[in-house]
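Structure, as C-alpha cells:
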Amino acid sequence: MKTTVYHLSETTIEELLNQATQVISQGGLVVFPTETVYGIGANALDKNAAKKIYEVKGRPSDNPLIVHIANKKDVFTYTTVTPGKINLLIDTFWPGPLTLVLYKKSVIPDEITGGLKTVAIRFPDNEIAKGLIQQSNLPICAPSANISGRPSSTTFKHVYEDLDGKVDLIIDGGPSKVGLESTVLDLTTDIPTILRPGAITKTMLESVLKTQVIDDTVNRLNKEIPKAPGMKYKHYAPKGKVTLLKGSNQAILRYLRSEVMSSNKTGVIASSELTNKLELEHVFDLGSINQPETIAKNIFLALRTMDELNIETIYIEAFDSKELNAAIMNRLLKAANHHIIYLD
Ligand code: TXA
Ligand code: MG
C-alpha cells in the first residue's frame with residue numbers, strides 16, 4: 001500500500017484534514033497525533049475498518065481499542081453512563097489524557113471492544129485529532145501507532161518506521177506533548193479503578209472526585225489476568241535487554257563504573273543528574289529528576305533511540321512511584337520485563 005504523508009509544517013491544517021477525513025469516511029486508516037502519543041485511527045462504527053487496525057499492528061483481537069470523541073456529550077451517545085456520575089471528571093480533565101471505561105451501547109461494534117460489554121472513551125487534546133473527529137463526524141477508534149509490543153510512537157520518525165506502507169495516510173504533527181499514553185480509569189467498578197497510569201494521576205483524580213481511587217496497576221503488574229486486556233501482552237520492548245537500576249545516584253554510578261564496560265553495545269538511560277557524571281559511550285539524558293514531565297516525554301524516544309544504535313544491553317535508572325513517576329515506572333517495568341537490580 002502507498003502511504004501518503006502530510007507534514008503540518010508544510011501544509012495547512014485544512015488541507016490535511018480534508019484528505020484525512022475522506023480516508024476515515026471511506027473505511028481507511030489514518031495515523032494522527034494526539035497530546036499523548038500518535039494513534040492509528042479508523043471509523044469506530046465500522047467493524048471492517050477497525051479489523052484493519054488489528055492486522056496492521058499485529059494486535060491480538062481480544063485487546064480492545066479506545067474510542068476517541070471530540071465533544072463531551074458524545075460519551076452519552078456511546079455509553080450508558082449518566083451525567084451525574086462523570087460530569088466532574090469530564091469537566092475537569094477533558095479534553096486531555098484521561099480515558100474512561102464505561103458500559104457500551106450497541107452502536108459500538110463488539111469487534112472494537114474485544115467482545116467486552118464496556119468501551120474506553122477519550123477526548124484528546126490536540127487540534128489535528130479534534131479536527132479529524134469533528135470534520136468526519138465519526139468517533140475514531142485508535143490504538144497507539146506502533147507495531148504491537150514495541151514502544152509507542154511519539155515522533156513522526158518512529159511512526160513512519162513502523163507503519164509506512166501499512167496505512168493510507170500519516171499526519172506528522174510534531175513530537176507528542178505528553179509522551180505517555182492516557183490514564184485508563186474504569187468507572188464500571190464500585191470504586192473507580194486505574195487500569196493504566198498516565199499523566200492524570202491518582203491524586204488528581206481523588207482530589208476532584210473526593211473519593212478513593214484504586215490504582216490496580218502496581219499489584220497487577222505480575223499477575224496472570226490483568227483487567228485491561230492490553231496489559232497482559234509484551235509491551236514497550238526495545239530490541240536490547242533492559243535492566244532497571246534502583247538505588248541512590250552514588251550507588252548507580254558505582255555500579256555502572258565497576259560492572260559495566262563502555263562498549264558500543266551498551267547504553268544507559270537516566271536523568272541528567274546521573275548522565276552528567278557518566279563517561280560511557282551511549283548515554284540518553286531524560287532530563288532533570290525535578291522535571292518528571294520532561295522525563296515522561298522522553299521515555300519512548302529513549303527506548304527507540306537505543307534500538308537505532310543497535311544497543312544490546314540497556315541500563316535504565318528506576319524512579320520512585322509518586323505522581324507522574326508511577327506512569328513512567330509502569331512503562332519501564334514492562335520494557336524491562338520486571339528485571340530490576342537493587343543497589344545500595
Ligand atoms: O493515549 C492513549 O490512550 C493512546 C492515544 C492514541 O489516544 N491510545 C492508546 O491505545 O494507548 P492502546 O490501544 O495502545 O491502549 C489502550 C489500552 C489497552 O491497555 C487496552 O487494553 C485498554 O486501554 N482498554 C481499552 N478498552 C478497554 C475496556 N473496555 N476495558 C478495559 N481496558 C480497555
Ligand atoms: Mg499501545
Keeping every protein chain present and rolling a 1.4 Å probe, give me the accessible area per residue for the chain in Å². 43
Between Thr77 and Arg257, how many nm apart are label points set 7 Å from Cα along the C-beta direction? 6.1
Spin-label zone in the range 17-41 - amide nitrogen under 19 Å from a point set 7 Å from the Cα of Glu55 along the C-beta vector: 23-31, 40-41
Spatially proximal aspartates and glutamates relative to Lys166 (Cα-Cα < 18 Å; intrachain offsets below 8 disregarded): Glu55
Suppose each label sits 7 Å from its Cα in the direction of the beta carbon; what would the Asn48-Gln212 distance come out to in nanometres? 4.9
What residues qualify as long-range amide H neighbours of Asp186, i.e. H under 5 Å apart, gap of 5 or more or another chain, H built at 1.01 Å from N? Val101, Thr193, Ile194, Leu195
The range 39-140: relative contact order in percent, alpha carbon pairs under 8 Å with at least 6 residues between: 39
Taking the chain, the equivalent ellipsoid from its C-alpha gyration tensor has semi-axes in Å, biggest first, of 34, 24, 17
For the range 255-344, what are Rg and Dmax over the alpha carbons, in angstrom? 12.4, 35
Can you give the net charge of the other residues whose Cβ lies under 9 Å from the Cβ of Met1, counting K and R as +1 and D and E as -1? +1
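If I take R0 = 30 Å and measure r between the Cβ atoms of Ile341 and Glu293 in this structure, what FRET efficiency does the formula 1/(1 + (r/R0)^6) give, to the nearest 0.05? Write down the numbers at each step before the final one.
On the way: r = 27 Å, r/R0 = 0.90.
Calculated transfer efficiency: 0.65.
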In whole Hz and in residue order, list the ³J(HN,Hα) couplings for the range 166-173 that follow from phi through the Karplus curve 6.51 cos²θ - 1.76 cosθ + 1.60, θ = phi - 60°; x for Gly and Pro. 10, 10, 6, 8, 10, 9, 8, x
Roughly to the nearest percent, how much of the accessible area of the chain is carbon and sulfur, given a 1.4 Å probe? 50
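In terms of the ratio Rg/(2.2 N^0.38 Å) built on C-alpha atoms, what value belongs to the range 142-217? Each step should come with its number before you reach the end.
Numbers: Rg = 16.0 Å, N = 76, 2.2 N^0.38 = 11.4 Å.
For the range 142-217, the normalised Cα radius of gyration is 1.40.
The values are calculated or read from the model by the stated rules, or taken from the named source; none is laboratory data. Nothing here was measured: the structure is a model prediction, and the numbers come from that model. Because the Cβ atoms are built from the backbone with ideal geometry, glycine has one as well, and the counts that use them run over all protein chains shown. Please note that ligands, DNA and RNA were not included when accessible areas were found on the heavy atoms of the full protein model with its side chains. Shrake-Rupley method; radii C 1.70, N 1.55, O 1.52, S 1.80 Å.
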